[in-house]
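**Q** Here's a structure for you.
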Amino acid sequence: MAVFRRSKGDDGEQGGARRRRKTVDFDAGSAAILDVQIGEWVGSTRPRLGEVLLELGSIDPDELLRALQHQKNSPSTEGAARLGEILMELGSIDEVALAAGLANQFGVPLADLHMLSPDPEAIARIPEDLARRHRVFPVHVEDGRVYLASADPLNTDAIRELVDHCQSIGLMIGARGEIDRLLDQSYNALADHHEMVQAFELSNASMGIEAETETFQVDENAPVVKVVNQVLTQGVRSRASDIHLEPGEGFLRVRYRVDGAMTEAIRLPSIMGPAISSRIKVMSELNIVERRRPQDGQFSVRVDGRPIDVRCSVVPTVHGETIVLRLLDKSKTLLSMKELGMIPQVEEPFLRLASSPLGMILCTGPTGAGKTTTLYAALNEVNDPTKNTITVEDPVEYQFEGINQMQVTETGFDFATGLRGILRQDPDVILVGEIRDEETARIAMQASLTGHMVLSSMHAIDSVSALQRFMDMGIEPFLVASAINGVVGQRLLRRLCTTCMEPTQPKPAHVSVVAEFTGGQQPDTWFKPVGCHRCEHTGYRGRIGVYELLVMSERVRELVVNRATHAEITETAIEEGMRTMAVQGFQLVVDGVTTVEEVFRSVYAPSGMDDEPLALGPGPRALEPGDEALPAGPPGIPAPSDPTSAAAFPTGPAPTEPTQDPVQPAAGTVPPAPAATGPFPQAAEPFRPPVVSGHVVPPPFQPAQSAAAPSDDHLSEDLDPGEPDSGPTATVSDLTARREASA
Ligand SMILES: [Zn+2]
């Protein structure tokens with residue numbers, strides 16, 4: 001049921017009649033009558049939008065003047081809508097204010113779409129293509145009249161066609177973004193998959209299963225083609241970073257990963273499995289007859305007009321081929337440093353480190369922690385026309401202006417090769433998508449020591465662990481200590497859905513863990529996730545990043561050179577001002593932004609929390625002890641195990657995930673069984689915008705761990721050392737002095 005918001009001036013301050021604005025109705029009595037109705041509607045005199053917005057207090061006279069000036073300079077279209085758009089472009093109003101202004105100007109009700117639960121009866125009255133074509137959302141039905149929210153009340157073509165279809169309509173105004181959101185949410189692309197399944201089964205009965213799979217049809221109307229399109233379309237609309245097609249006994253399960261957590265979308269009969277995997281292989285240009293070996297490919301599609309890059313991985317399992325599709329929305333925009341949501345104590349020193357002329361900055365975390373988002377934001381910040389900036393990425397997912405970007409390929413062109421190439425190109429700033437082997441690490445460190453700023457990422461549970469991972473790779477401690485400026489450890493936590501969250505009684509264990517990490521603080525009110533239509537019944541909506549910054553101070557460098565333990569380095573860093581991810585995560589619990597369960601799931605689960613194993617669901621999680629990223633225990637580098645330290649060590653029980661999940665590739669150098677290594681040998685990390693919902697940077701592919709062992713031959717001699725004293729023989733204090741001199 002629609003909620004009508006009465007706008008200012010609609011009722012008196014007190015005792016005013018609570019009168020509801022009447023909708024403007026159109027009926028299909030006869031063509032002539034409709035023409036008259038539309039004519040009157042378009043022709044009636046109305047106040048100007050600018051005046052209405054002024055009166056509503058949405059803008060001030062200066063803003064109006066500025067917008068009118070802009071309008072004069074670009075006299076392209078007629079008044080109302082255009083002025084509204086200019087005001088939005090100038091940042092004077094948002095969509096909701098524009099909708100309120102239009103509702104007032106046209107004298108029609110404003111549909112409060114923000115809190116609206118879609119009404120199935122209304123949805124059933126307007127077919128999806130019609131609703132999308134005219135960007136209207138059916139809100140409710142009363143006495144046979146369909147009430148529609150539109151952002152463009154003067155679209156007469158829409159009125160005609162809609163009246164033609166449903167006989168009588170009532171017009172309301174809605175904010176455009178809300179209309180789009182509701183359309184995506186209400187018209188499920190998978191709604192008619194049953195029909196496709198039936199059609200498939202019918203055609204199959206006549207053709208035989210093998211025929212279908214061997215001679216794959218390219219008919220765009222074939223049921224299998226349609227089902228695959230529907231699965232992709234709904235995945236994009238659900239904001240999924242990955243789509244999983246998993247054959248089980250008797251069915252093929254389709255799951256989406258949204259905000260890091262998996263949800264089941266549909267189950268298809270397993271008889272469709274081979275045909276679906278053939279279809280996807282054709283799209284990805286893979287060998288369709290090869291069904292015994294893993295294959296990787298990629299393709300591009302347009303979904304609702306948005307260009308989407310899809311990375312595809314096919315892996316044979318006992319019940320058939322498991323397929324994982326990683327979606328990369330190319331229309332998403334870059335986040336700025338501000339939008340990352342770093343706390344000032346982290347952002348300020350991070351920017352200072354990033355703007356120094358040489359050194360290395362690393363972002364660490366598991367797949368899906370948003371490392372690439374951070375690197376891109378940093379790159380955007382430090383890039384300027386006086387610098388030569390070059391990247392080698394996997395894949396290039398955002399194209400910067402004035403930056404030379406390279407993409408690694410599956411055949412021979414890897415990070416190390418690309419990096420060596422870059423160094424012959426006279427760079428100032430270098431971005432290496434990910435460091436996952438000794439060779440790349442060595443070249444990148446040499447580069448940072450020879451006067452370049454190197455930005456990169458690494459799989460490691462936290463900032464201090466990254467240092468130890470380098471040493472596990474075989475890099476000498478003094479090189480690690482001298483090459484690196486700072487390490488960011490990060491995670492994305494799901495935010496509680498503010499529409500449905502409810503107060504709750506905390507568990508005593510939660511009360512104490514929050515107090516322990518936040519210096520005794522407690523939330524005013526404890527909240528729990530509930531689930532509603534806005535959060536797709538998960539209880540969480542959007543994500544927020546937590547970032548810890550390890551600054552390589554003189555003391556930390558010395559500890560590294562002396563192979564100090566993880567706990568020692570962490571302790572020193574905290575003394576020097578580092579706020580760990582766990583501290584920030586629990587602070588968000590105090591602020592009512594997220595839950596203890598969510599912090600446990602993605603950042604830190606104390607080992608004593610035995611009642612919590614199931615809270616650690618799938619999704620972006622912390623690596624576990626036993627994951628390869630943890631120090632395997634060379635002398636002097638014990639595995640972190642102290643749960644009382646403020647370091648973010650997930651020591652809780654391991655959340656189990658299907659082995660096919662590319663979003664969960666364990667980090668590290670010890671390759672698991674080849675097929676399970678992660679479906680994306682060249683994969684990259686999906687990353688979700690930490691802060692701004694609806695403003696998502698496309699998920700890049702996380703390079704899963706390469707199954708190849710680190711190369712034994714050190715290619716540092718391939719490097720052209722820029723300065724003679726910058727090699728491994730330089731001492732820490734030499735390098736520090738140089739760094740300071742050039743800073
Ligand atoms: Zn909700």
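The values are calculated or read from the model by the stated rules, or taken from the named source; none is laboratory data. Worth saying up front: this structure is predicted, and the values here are computed from it rather than measured. No Cβ is skipped: glycine too gets one built from the backbone with ideal geometry, and neighbour counts run over all protein chains shown. When the accessible area is computed, the model is the full protein with side chains, heavy atoms only, and any ligands, DNA or RNA have been set aside. Shrake-Rupley method; radii C 1.70, N 1.55, O 1.52, S 1.80 Å.
**Q** Would you compute the Debye intensity of the range 249-340 from its alpha-carbon atoms alone, equal scatterers and no solvent, and pass along log10 I(q)/I(0) at q = 0.15, 0.16, 0.18, 0.19 Å⁻¹ to two decimals?
**A** With one equal scatterer per Cα and no solvent, log10 I(q)/I(0) is -0.68, -0.76, -0.92, -1.00.
**Q** Further question: Expressed as a whole percentage, what fraction of the accessible surface of the range 420-559 belongs to carbon and sulfur atoms when a 1.4 Å probe is rolled over the protein heavy atoms?
**A** Carbon with sulfur: 47 percent of the solvent-accessible area.
**Q** Right, another one. Give me the accessible area of Phe106, 1.4 Å probe, in Å² rounded to the nearest 10.
**A** For Phe106, the solvent-accessible surface is approximately 20 Å².
**Q** Here's another thing I want to ask about it. Taking the Cα-to-Cβ direction at Arg352 and at Ala199 and moving 7 Å from each Cα, how far apart do the two end points lie in nm?
**A** A separation of 6.3 nm, rounded to one decimal place.
**Q** Beyond 19 Å, how much of the Cα-Cα pair distribution for the range 64-203 remains, as a whole percent?
**A** Within the range 64-203, distances greater than 19 Å cover 57 percent of Cα pairs.
**Q** Let me ask something additional. Give me the net charge for the shell around Val487: Cβ to Cβ below 12 angstrom, other residues only, Lys and Arg +1, Asp and Glu -1.
**A** 0
**Q** Rounded to a whole number, what is D in µm²/s for the range 428-481 from Stokes-Einstein with the Kirkwood radius over alpha-carbon pairs (37 °C, 0.692 mPa s)?
**A** 292 µm²/s
**Q** Can you pull the three principal axis extents for the Cα set of the range 301-383, in Å, largest first?
**A** 52, 33, 24
**Q** Using the Cβ atoms and a cut-off under 14 Å, what net charge is assigned to the surroundings of Asp119, where Lys and Arg are +1 and Asp and Glu are -1?
**A** Summing Lys/Arg as +1 and Asp/Glu as -1 gives -1.
**Q** To two decimal places, what compactness ratio does the range 492-556 give when its Cα radius of gyration is scaled by 2.2 N^0.38 Å?
**A** Here the Cα radius of gyration is 1.49 times the empirical estimate.
**Q** If I model a spin label at Arg302 and Glu576 as a point 7 Å from the Cα along the Cα→Cβ vector, what separation in nanometres do I get?
**A** 5.3 nm
**Q** If you count, for each residue, the other Cβ atoms within 10 Å and average over each peptide, how do 497-506, 180-189, 455-464, 307-316 line up from highest to lowest?
**A** Ranking, from highest mean packing down: 455-464, 307-316, 180-189, 497-506.
**Q** Give me Rg/Rg_expected for the range 346-413, where Rg uses Cα atoms only and Rg_expected = 2.2 N^0.38 Å with N residues.
**A** 1.19
**Q** Where Lys and Arg each count +1 and Asp and Glu each count -1, what net charge lies around Glu576 among other residues with Cβ under 14 Å from its Cβ?
**A** Around Glu576, the surrounding residues sum to -3.
**Q** Evaluated at 25 °C with a viscosity of 0.890 mPa s, what Stokes-Einstein diffusion coefficient in µm²/s does the range 396-450 have when Rh comes from the Kirkwood expression over alpha-carbon pairs?
**A** My calculation gives 207 µm²/s for D.
**Q** Leaving ligands and nucleic acids out of the surface, order Glu85, Glu571 by accessible area at 1.4 Å, largest first.
**A** Glu571, Glu85
**Q** How far, in nm, would the chain grow between Lys72 and Asp219 when pulled straight, counting 0.36 nm per residue and subtracting the alpha carbon separation?
**A** Difference between extended and current length: 47.8 nm.
**Q** Given a 1.4 Å probe and heavy atoms of the protein chains only, how would you sort His194, His70, His140, largest accessible area at the top?
**A** His194, His70, His140
**Q** Using a probe radius of 1.4 Å on heavy atoms only, what accessible surface per residue do you get for the range 43-180? Whole Å² is fine.
**A** Heavy-atom SASA per residue in the range 43-180 reads 46 Å².
**Q** Write down the Å³ per residue value for the convex hull defined by the alpha carbon atoms of the range 265-422.
**A** Normalising the Cα hull of the range 265-422 by residue number yields 169 Å³.
**Q** Let me ask another. Roll a 1.4 Å probe over the protein chains and send me the accessible area per residue for the range 412-527 in Å².
**A** About 28 Å² of surface per residue is accessible.
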